[in-house]
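Beneath this line is the structure, given in structure tokens, with notes to follow.
The values are calculated or read from the model by the stated rules, or taken from the named source; none is laboratory data. Keep in mind the model is a prediction, meaning the values are calculated, not measured. Backbone-built Cβ (ideal geometry, glycine too); neighbour counts: all protein chains shown.
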Amino acid sequence: MNPTLDDLLNINRRHFFKTGSAGVGSLALSGLLQNSFGASSQQSVPDGLANYAPKAKRVIYLFQSGGPAQHDLFDNKPLLRERNGEQLPPEVRGGQRLTGMSALQSSLPMAGSQFSFGRYGQSGAELSELLPYHREIADDICIIKSMYTEAINHDPAITYFQTGSQIAGRPSMGAWTSYGLGSLNQNLPSFIVLVSAGQGGQPLYSRLWGSGFLDSRYQGVQFRSGKDPVLYLSNPEGICRTSRRATLDALNQLNTQQFEREIDPEIQSRIAQYEMAYRMQTSVPDTTDLSDEPDSTFELYGEDSRKPGTFAANCLLARRLAEKGTRFIQLYHQGWDHHANLPRGIRGQAKEVDQASAALVKDLKQRGLLDDTLVVWGGEFGRTAYSQGSLTADNYGRDHHPRCFTMWMAGGGVKPGLTFGQTDPYSYNIVDADGTPISPDKHHYHPDAVHVHDLQATMLHLMGIDHTKLSYKYQGRRFRLTDVHGKVVKPILT
């Protein structure tokens with residue numbers, strides 16, 4: 001990444017090269033192609049982005065779309081159970097906005113979790129009965145209970161976590177990482193996306209793993225279950241690999257001639273993507289074929305791992321991609337949006353992800369990969385302490401709640417066995433170490449409150465990148481993943 005070159009290419013580039021010699025154009029093409037096919041395999045942080053060594057080489061982000069209820073999974077609240085059915089105290093809500101789905105309810109009855117909690121591992125981490133396999137990694141993960149966001153509806157909230165902005169169109173985090181660090185494997189994309197098949201819930205759009213205003217080569221590539229993991233990668237019937245190579249050579253020659261005339265970076269990206277697709281014809285089938293995995297591995301991840309497209313199978317595939325050097329691996333699992341029938345719904349959701357999530361951490365650890373692989377687990381916001389709709393003896397729902405929720409991280413320079421941050425007795429607000437509620441207008445500056453941008457800044461820091469320096473000039477200003485906010489959450493770092 002060279003900001004000076006970026007500016008040269010984006011400011012009057014056509015005028016300069018049209019009036020310059022053909023040799024200058026050829027030189028520029030040679031340099032850019034070298035950057036695409038050579039420097040893209042760089043493993044260190046480019047000069048100017050950081051002055052410290054990275055702890056993590058790669059990220060596996062297990063995104064739980066819909067907003068998992070923290071009260072029922074990680075944030076045990078005995079007082080909420082004791083006061084089950086009572087009205088949420090006005091001083092707890094503090095005038096915070098509600099969604100249109102529960103704002104007009106005549107009452108806001110508090111809903112204590114129906115699930116029991118216990119303390120596990122030497123760290124004594126509190127975990128719900130819904131997460132029996134997480135008990136086995138209690139000392140390997142860092143549980144963050146003081147996450148918060150400003151977004152209160154799904155689409156802007158998911159977009160915020162993926163791109164650093166609630167407004168669609170910005171580059172995704174995986175794209176930023178690919179832009180800043182390049183690839184560890186020239187035969188696979190540096191940013192790969194896996195979406196659990198057959199899941200209902202909030203829609204997921206390809207823009208969530210798009211490159212925005214960055215070069216298109218940095219966008220995520222979705223791997224699907226089935227015969228063709230990547231659409232249109234296989235040769236059409238009657239076309240052999242030799243013919244494909246000859247066609248690409250001719251096409252690249254034409255694109256090269258066009259690039260020498262126009263000096264448009266997207267032409268160079270097109271060449272790079274054609275070449276990557278050709279190499280992926282061999283590398284992708286080899287990576288996605290799980291037949292060489294022993295039975296013990298499938299037993300570790302659970303029986304679902306034998307079914308292509310399930311969350312468990314995707315977690316196993318994520319480990320294989322990590323082994324092969326994929327820089328950023330994004331998993332999406334839908335179905336956590338429990339506005340009603342939460343006890344039944346969340347039980348099924350937890351069962352789908354619990355064993356595989358824990359297995360991924362254990363598998364990476366036993367293979368010596370966890371130390372330099374950062375694993376992140378969480379959704380776009382939390383859920384309310386009160387019930388949306390009617391509250392009965394065995395049923396309740398929870399609305400969206402952005403003011404506090406829980407995520408966890410593991411490996412890649414994160415302190416294992418740590419529970420960071422606290423919430424009030426209702427898991428409605430973030431509180432200080434002494435239990436004093438933190439005013440929402442002070443969240444951005446408080447060391448115990450972890451904003452979306454703080455999480456992103458910390459992830460980039462662990463990858464060896466200063467989030468304030470990873471920027472891109474577009475439409476007259478420099479943009480970055482964390483916009484003008486973000487602090488590294490240093491207490492959770494090793």
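Points to keep in mind about this one:
- SER216 vs. criteria crowded, with 17+ Cβ neighbours inside 10 Å and among the hydroxyl-bearing types (Ser, Thr, Tyr): no
- Some residue of segment 359-380 being in contact with a helix residue (DSSP H, G or I) (Cβ under 7 Å, 6 or more places away or on another chain), small (Gly, Ala, Ser) and more than 23 Å from PRO78 (Cα to Cα): yes
- Tally of residues being in a loop (DSSP other than H, G, I, E, B) and within 33 Å of the chain's Cα centre (by Cα) across segment 73-87: 5
- Positions within segment 150-165 being touching a Pro at 6+ places or on another chain (Cβ under 7 Å) and either acidic (Asp, Glu) or within 19 Å of ILE492 (Cα to Cα) (or both), in sequence order: GLU150
- Of all residues in segment 386-419 being at positive phi and touching a strand residue (DSSP E or B) at 6+ places or on another chain (Cβ under 8 Å), the one that is surrounded by the fewest Cβ atoms within 10 Å (Cβ to Cβ): GLY417
- Members of segment 108-155 found to be part of a loop (DSSP other than H, G, I, E, B) and among the hydroxyl-bearing types (Ser, Thr, Tyr), listed by number: SER113, SER116, SER123, TYR133, THR149
- As a summary of the residue check, TYR472 satisfies the conditions (1) in contact (Cβ under 8 Å) with a residue 40 or more places away in the chain; (2) in contact with a Lys or Arg (Cβ under 9 Å, 6 or more places away or on another chain); (3) part of a loop (DSSP other than H, G, I, E, B) except for the one numbered (3).
- Condition check for SER183: within 25 Å of TYR274 (Cβ to Cβ), surrounded by 19 or more Cβ atoms within 10 Å (Cβ to Cβ) and touching a residue at least 24 places away in the same chain (Cβ under 8 Å): yes
- Candidate set from segment 150-180 (those that are β-branched (Val, Ile, Thr) and surrounded by fewer than 24 Cβ atoms within 10 Å (Cβ to Cβ)); member that is farthest from TYR428 (Cα to Cα): ILE167
- Scanning segment 214-239 for residues that are in a loop (DSSP other than H, G, I, E, B) and under 19 Å from the mean Cα position of the chain (by Cα) yields a total of 4.
- Residue within segment 381-403 that is part of a loop (DSSP other than H, G, I, E, B), among the basic types (Lys, Arg) and touching a helix residue (DSSP H, G or I) at 6+ places or on another chain (Cβ under 8 Å) present: yes
- Restricting attention to segment 88-105, the residues that are charged (D, E, K, R) and outside any loop (DSSP other than H, G, I, E, B) add up to 2.
- Lone unmet requirement of (1) of a type outside the set (A, V, I, L, M); (2) over 26 Å from GLY325 (Cα atoms); (3) modelled with pLDDT under 85 for ASP264: (3)
- A single member of LEU127, LEU108, LEU79, LEU98 is among the hydrophobic types (A, V, I, L, M, F, W, C) and either within 24 Å of ILE329 (Cα to Cα) or surrounded by fewer than 18 Cβ atoms within 10 Å (Cβ to Cβ) (or both), and it is LEU79.
- Scanning segment 291-301 for any residue that is within 24 Å of the chain's Cα centre (by Cα), surrounded by 14 or more Cβ atoms within 10 Å (Cβ to Cβ), over 22 Å from PHE328 (Cβ atoms) and not polar (S, T, N, Q) turns up at least one such residue.
- Apart from one condition, ASP139 fits all of (1) surrounded by fewer than 22 Cβ atoms within 10 Å (Cβ to Cβ); (2) out of contact with any Gly (no Cβ under 6 Å at 6 or more places or on another chain); (3) not hydroxyl-bearing (Ser, Thr, Tyr); the exception is (2).
- Cβ-Cβ under 9 Å pairs, at least 6 apart or on other chains, segment 157-176 side more than 12 Å from GLN330 (Cα to Cα), far side part of a helix (DSSP H, G or I) and among the small types (Gly, Ala, Ser): THR163/ALA175; GLN166/ALA157
- Close contacts from segment 428-445, counting a first residue that is at positive phi and a second that is surrounded by 15 or more Cβ atoms within 10 Å (Cβ to Cβ) and not in a loop (DSSP other than H, G, I, E, B), with Cβ to Cβ under 9 Å and a gap of 6+ residues or different chains, come to GLY435/GLN422.
- For segment 60-72, the count of residues that are in a loop (DSSP other than H, G, I, E, B), among the hydrophobic types (A, V, I, L, M, F, W, C), touching a Leu at 6+ places or on another chain (Cβ under 8 Å) and modelled with pLDDT of 60 or more is at least one.
- Any hit, segment 445-455, residues being closer than 19 Å to THR373 by Cβ, within 17 Å of the chain's Cα centre (by Cα) and not aliphatic (A, V, I, L, M): no
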